[in-house]
Amino acid sequence: MRADLFAEAFDGLDEALAAVDAFDQALVAGLLRPQPAQAAGLTELAHAVAGSPLAARVAEAVEKAAAGAASEDHFIALAAARTALLGSVHDALTARVAEATGRTRGEETAVPPGAEQAVNVLAAARSWLSDLARAGWRGIDHELVAGSAQVVSAMLPDPALRRLATLLDGFAAELAASCPGVTLERVPARRWADLWSRAMLLTLPGAAAAPPTGTATGRLLPLGVDVQEHATAVQAQVHAVFEPADGAAPRLVRASVSAPKPDTVVGAGLWQLLRPHLSLLAAVGEGRSMDLADMPVTAEGDLLWSDEHARQGEPADAFATARVALPTAVDAVTAPLDRHPARVAVPVFLEGYTAQKDDDGLTFTVAGHPLAVDTDRMPTAGPLTPEAVAASAACVGLLRWDAGTFRVQPLAVETTVRKKTVALHAGGWAGGTTDKAGVRAEKAATDAVAVLRERAGRLLRK
């Protein structure tokens, strides 16, 4: 891998992000009565897309918004411009990663028109989001935020609207926890603007159409598991190389599973919540491949997992897969609305590096070039530790871009223990474990879930 490319500057990237930040700051104070600084931020957004097909509509939207007279259509244009800028940053980053790894990217597939949706409900969502933009994050209060409740309730029964309903529900919950906005010491301007602009675009009919799907028949070779945990939810995403049975080029795919959880279930106990929904986790824990037969898969490489289309295969070492199959695999494409720097998570394999640890964190020096290591993303639900990463000689990880630099998130490492080379995986306990710490955590989780179920049953009986 050409690590030298990760240190090279990107033409126009800083300017694109500066325009996004300027618009985000305009949203902090709201667009009901914009001040000169907010108008300047809006103008910077318009200048950033001046050479694009959005130019005329965004220029009109900026003019109206700067005068405090923006309509819902104008807010949609502003959200589209912001999304397009972050999409261009995403494309520049993934192009650089493809150049560094030498892998090719899959071809984009057009998304077919979605089914007819409840236009009135979408309009209600747009109206609420427009009210948020006018009030700004400093102007939110409980009454304004509560306006989303009826919209979400109307959306949830419709599967076609559930994606937007979930986004609005989570967004409203974050805002409600921060009310009143005028008292906030720090406003998460980038995050809330991300959620606002994405939700605004998803209110357009057809924007939330499901991606086209095909089927996958062949061998699935797991690389590692990325675990994302919140107080009330957990998700595990398995990254793997898929080798089609028809001899076509191997491709990178993902399989994800999410589950709600009580905040008392942490560490290795998380796997108890996830295992029943994804048999692939057991294969990952045991170091095995999976044989797929007509497994549904999207054009973006997401397997819509169903156990009836999979059976356990032969032993498969993740590092052998990374050394042999990963270099020739085709990278997955990203859907247009999903193009965002935060979505960059590309499987890579590193070896022959040296590791240095200082006050700024851990760094791998790859072919003479530094590459930051993001050990904070590693879950506690596995045997992989920052100390093991620092002592490693080979690493399977996800290449991400954060805070203006590329970073690698370790999924598995090879290290030496008692003069023997051993592999440690973030998902090593996914299928169960005999490790003492893992066993204790699983038992504690079992006890906590049992108590919660007993209490829930008692409440239902009452």
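All of the numbers you see were taken from the coordinates with simple rules; none came from a lab. Quantities reported herein were computed from a predicted structural model and do not represent experimental measurements. Glycine gets a Cβ as well: all are built from the backbone with ideal geometry, and neighbour counts include every protein chain shown.
Points worth noting:
- Order of GLU229, GLU185 - criterion: other Cβ atoms within 10 Å of each residue's Cβ, fewest first: GLU185, GLU229
- Applying the Karplus relation 6.51 cos²θ - 1.76 cosθ + 1.60 with θ = phi - 60° to region 91-96 yields 3J(HN,Hα) values of 5, 5, 5, 5, 5, 5 Hz, where x marks Gly and Pro.
- Computed over the chain, relative contact order equals 15 percent, with contacts defined as Cα pairs under 8 Å that lie 6+ residues apart.
- Amide H contacts of TRP401 (H built 1.01 Å from N, in plane; Pro and chain starts excluded): VAL344, ARG407 sit under 5 Å, all sequence-distant by 5 or more or on other chains.
- Loop chymotrypsin sites (Phe, Trp or Tyr not before Pro), region 1-30 (other Cβ atoms within 10 Å of the site Cβ: 15 or fewer; DSSP): PHE10
- Gyration tensor over the Cα atoms of region 215-372: the corresponding equivalent ellipsoid has semi-axes (square roots of 5 times the eigenvalues, largest first) of 26, 23, 16 Å.
- Range of Cα positions in region 223-299 per principal axis (Å), largest first: 47, 27, 18
- The 3J(HN,Hα) values that the Karplus relation (6.51, -1.76, 1.60; θ = phi - 60°) gives for region 243-260 are, in residue order, 9, x, 5, 7, x, 5, 4, x, 9, 7, 9, 9, 9, 10, 9, 10, 8, x Hz. Gly and Pro appear as x.
- Debye, to nearest 20: dipole size of the chain, +1 on Lys, Arg Cβ, -1 on Asp, Glu Cβ: 1180 debye
- Among the listed pairs LYS420/LYS443; LYS357/LYS443; LYS357/LYS436, a Cα-Cα separation exceeding 32 Å is found for LYS357/LYS443.
- Neighbour counts of C-beta atoms inside 10 Å place VAL62, VAL97 in the sequence VAL97, VAL62, starting with the fewest.
- Amide H partners (placed H, <5 Å) of VAL297, local residues excluded: GLY214, THR215, ALA216, LEU304
- Packing-based exposure ordering (other Cβ within 10 Å, fewest first) of HIS239, HIS369: HIS369, HIS239
- Phi-based couplings in Hz for region 292-306 (Karplus 6.51, -1.76, 1.60; Gly and Pro marked x): 9, 9, 6, 6, x, 8, 7, 5, 7, x, 9, 6, 8, 4, 9
- Sequence ranges 337-344, 263-270, ranked by mean other-Cβ count within 10 angstrom, highest first: 263-270, 337-344
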